[in-house]
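Written out below as structure tokens is the structure these notes cover.
The values are calculated or read from the model by the stated rules, or taken from the named source; none is laboratory data. From a predicted model like this one, the values you see are computed outputs, not experimental measurements. Cβ sites come from the backbone with ideal geometry, for glycine too, and all protein chains shown count toward neighbours. Heavy atoms of the whole protein, side chains included, go into the accessibility calculation; ligands, DNA and RNA do not. Shrake-Rupley method; radii C 1.70, N 1.55, O 1.52, S 1.80 Å.
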Amino acid sequence: GNSVTQMEGPVTLSEEAFLTINCTYTATGYPSLFWYVQYPGEGLQLLLKATKADDKGSNKGFEATYRKETTSFHLEKGSVQVSDSAVYFCALSAYYGNNRLAFGKGNQVVVIP
Amino acid sequence: EPEVTQTPSHQVTQMGQEVILRCVPISNHLYFYWYRQILGQKVEFLVSFYNNEISEKSEIFDDQFSVERPDGSNFTLKIRSTKLEDSAMYFCASSGVGGQYEQFFGPGTRLTVL
């Protein structure tokens, strides 16, 4: 079935550092890919998405490119801020529509001033 | 900005008891979902609901679970006889149609079964 794997463990980094969170997926067909973010006490919010191969999703300085050849959708940000501290989830759906999401485990990101 | 709300934020119950988790989706959305996250594990899909019936469910969603839209605003998840392994964070989500497929999530209900 469809699944998502995120790198293990929390990520701790200093303000203005470069952030990368790895995400790889297993899916049949042409899935859509997403990054969700969860701030403390809040629900998961869609950060960005890509619905076909080579698409780049971007939002709030974050970017991720849908790489079919490596089945990856790594999240990057060039210069993080303390306010980026949150849990980040990679997810996929079998197609872009009203259907279930399969999530990775999530990565806690802590940005230190 | 419209948001999905969930109540209660934390529910503690005894094993074998029934619980009902409540959600108020975004008002013009037509698809509703429940997910759960057991501590330290992935967020897992439970069920989706459209047009007053279940449109898809996972293998986790067995006979002890049920969903209902009792009125025009609420969407509920009932667990008939809770088990210790039902302890988790339960997330409700909703989405629209006609290209408005983004799923908006509520803040979750933490269920603790003792």
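Which percentage, to the nearest 5, of the DSSP beta bridges contained in the protein assembly as shown is antiparallel?
Details: 69 of 77 bridges.
Bridges in the protein assembly as shown that DSSP calls antiparallel: roughly 90 percent.
Would you mind checking A:K60/B:K57; A:K52/B:K78; A:K56/A:K105; A:K105/B:K57; A:K77/B:K42; A:K60/B:K78 for any pair whose Cα atoms are more than 28 angstrom apart? Mind dumping the intermediate values first?
Working: A:K60/B:K57 34 Å; A:K52/B:K78 37 Å; A:K56/A:K105 22 Å; A:K105/B:K57 20 Å; A:K77/B:K42 23 Å; A:K60/B:K78 37 Å.
The answer is A:K60/B:K57; A:K52/B:K78; A:K60/B:K78.
Per residue of A:92-101, how many C-beta atoms from partner chains lie within 10 Å of its own C-beta, taken as a mean?
Mean inter-chain Cβ contacts per residue within 10 Å come to 6.
Hey, if you put +1 on the Cβ of every Lys and Arg and -1 on every Asp and Glu Cβ in the protein assembly as shown, which of A:T65, A:S32, B:T5 ends up farthest toward the positive end of that dipole?
The Cα lying farthest towards the positive end belongs to A:S32.
Considering only protein heavy atoms and a 1.4 Å probe, what is the carbon-and-sulfur percentage of the accessible area of the protein assembly as shown?
On the way: 5280 of 10960 Å².
In the protein assembly as shown, the share of accessible area belonging to carbon and sulfur is 48 percent.
May I ask for the distance between the Cα centers of segment A:76-113 and segment A:1-21, given as a whole number of Å?
Going from one Cα centre to the other spans 8 Å.
Using a 10 angstrom cutoff on alpha carbons, build the Gaussian network for chain B and name the most mobile of B:L30, B:L39, B:L21.
B:L39
Label point 7 Å out from B:M15 along Cα-to-Cβ: which residues of segment B:68-87 have amide N under 12 Å?
B:82-87
Per-residue mean of other chain beta-carbon atoms within 10 angstrom of the beta-carbon, peptide B:97-108?
Working: counts 2, 0, 2, 1, 9, 4, 11, 4, 8, 3, 7, 5.
What the average comes to for B:97-108 is 5.
What does the structure give for B:39-49 when I average, per residue, the other chain Cβ atoms found within 10 Å of the residue Cβ?
Values: counts 0, 2, 3, 11, 12, 4, 6, 1, 1, 4, 0.
Partner Cβ neighbours, averaged per residue: 4.
Nothing charged except the Cβ atoms of Lys and Arg (+1) and of Asp and Glu (-1): what's the magnitude of the dipole of chain A about its Cα centre? Round to the nearest 20 debye.
Values: 9 positive and 10 negative charges, 83 e Å.
The calculated dipole for chain A is roughly 400 debye.
Run the simple label-point estimate for A:Q45 and A:F18 please: 7 Å along Cα→C-beta, distance reported in nm.
2.6
Short version: what are the Cα gyration tensor semi-axes of chain A, square root of 5 times each eigenvalue, largest first, in whole Å? Could you put the intermediate results ahead of the total?
On the way: eigenvalues 111, 39, 30 Å².
After diagonalising the Cα gyration tensor, the semi-axes are 24, 14, 12 Å.
About its Cα centre, what dipole magnitude does chain B give when the only charges are +1 on Lys and Arg Cβ and -1 on Asp and Glu Cβ, stated in debye to the nearest 20?
On the way: 9 positive and 14 negative charges, 50 e Å.
Roughly 240 debye, rounded to the nearest 20.
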